[in-house]
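Structure record follows, encoded as structure tokens.
The values are calculated or read from the model by the stated rules, or taken from the named source; none is laboratory data. Model, not experiment: these values are computed from the prediction. Here the Cβ positions follow ideal geometry from the backbone for every residue, glycine too, while neighbour counts run over all protein chains shown.
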Amino acid sequence: MSSDPVTLKSFFCDDDGRPVFDCCDPKAMGEALDEAAHLLPHALLDEARTGYARTVEQLFQVRLEDILISGWSSVSALKECIRQSRKRPDETLPFYLADHTLTSTHHPSLDVMLGPTEIARLPFEIDLSLELKAVQLGIRDGRIDSLESGRCKGSAAFAVGDKTLLKHDTPEFALPGRLDFHDHPEARDAPTPRNGR
């Protein structure tokens, strides 16, 4: 993995410069496209394939920070640490997470439109499983401010309908220096109400 932002794509393609579409199983991808193509006018097929590849690439731009924060948002001890950090806004509080696995499933779809009419819909599924070890967060002034330590490895699958287009496992990699929680809107706790209300 490169030093670029870690996105879903990082878990599917070893080369971040290579389009996700090119990493997919060509036979399964061809079958999925052929199933959708029978609904399209022949003159639109090339344009549809180009749009399909572009849309697939966009599906994988979800950042790892978003997935982690969503997964950690239900950890009550972390929420309490974030609240407590408001009382000492100039101090960074350490928060340690036990080794754990986060799973994330996404269900985007590609709607093929001809004017105002939907003529085809391709339902995708993106599954990601992350094994996280030795994660230490820095909590400051009511938010997750930094990731001080931790390692991650993942396995991922991408499917359209019942066809698996891509499966991939990543080697374990270090998280610090790769993720940016600063100013992330969901990394912040709800503001403290005024006058205790």
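A few points about this structure:
- Search result, residues across the range 1-19 that are modelled with pLDDT under 75 and out of contact with any strand residue (DSSP E or B) (no Cβ under 9 Å at 6 or more places or on another chain): SER2, SER3, ASP4
- Matching residues in the range 100-126 - criterion: being in a strand (DSSP E or B), surrounded by fewer than 16 Cβ atoms within 10 Å (Cβ to Cβ) and under 19 Å from the mean Cα position of the chain (by Cα): HIS100, THR101, THR103, THR105, HIS106, SER109, PRO123
- Among residues of the range 127-151, those that are within 14 Å of the chain's Cα centre (by Cα) and either crowded, with 19+ Cβ neighbours inside 10 Å or modelled with pLDDT under 90 (or both), counted: 2
- Extreme residue, modelled with the lowest pLDDT, among residues of the range 20-63 that are surrounded by 15 or more Cβ atoms within 10 Å (Cβ to Cβ) and part of a loop (DSSP other than H, G, I, E, B): LEU40
Let's see how each residue does on (1) closer than 19 Å to SER155 by Cβ; (2) in contact (Cβ under 8 Å) with a residue 60 or more places away in the chain; (3) of a type outside the set (Asp, Glu):
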| site | (1), (2), (3) |
| --- | --- |
| LEU59 | yes, yes, yes |
| PRO94 | no, no, yes |
| PRO108 | no, no, yes |
| VAL112 | no, yes, yes |
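- Residue in the range 153-165 that is modelled with pLDDT under 90, more than 16 Å from the chain's Cα centre (by Cα), among the basic types (Lys, Arg) and not in a loop (DSSP other than H, G, I, E, B) present: yes
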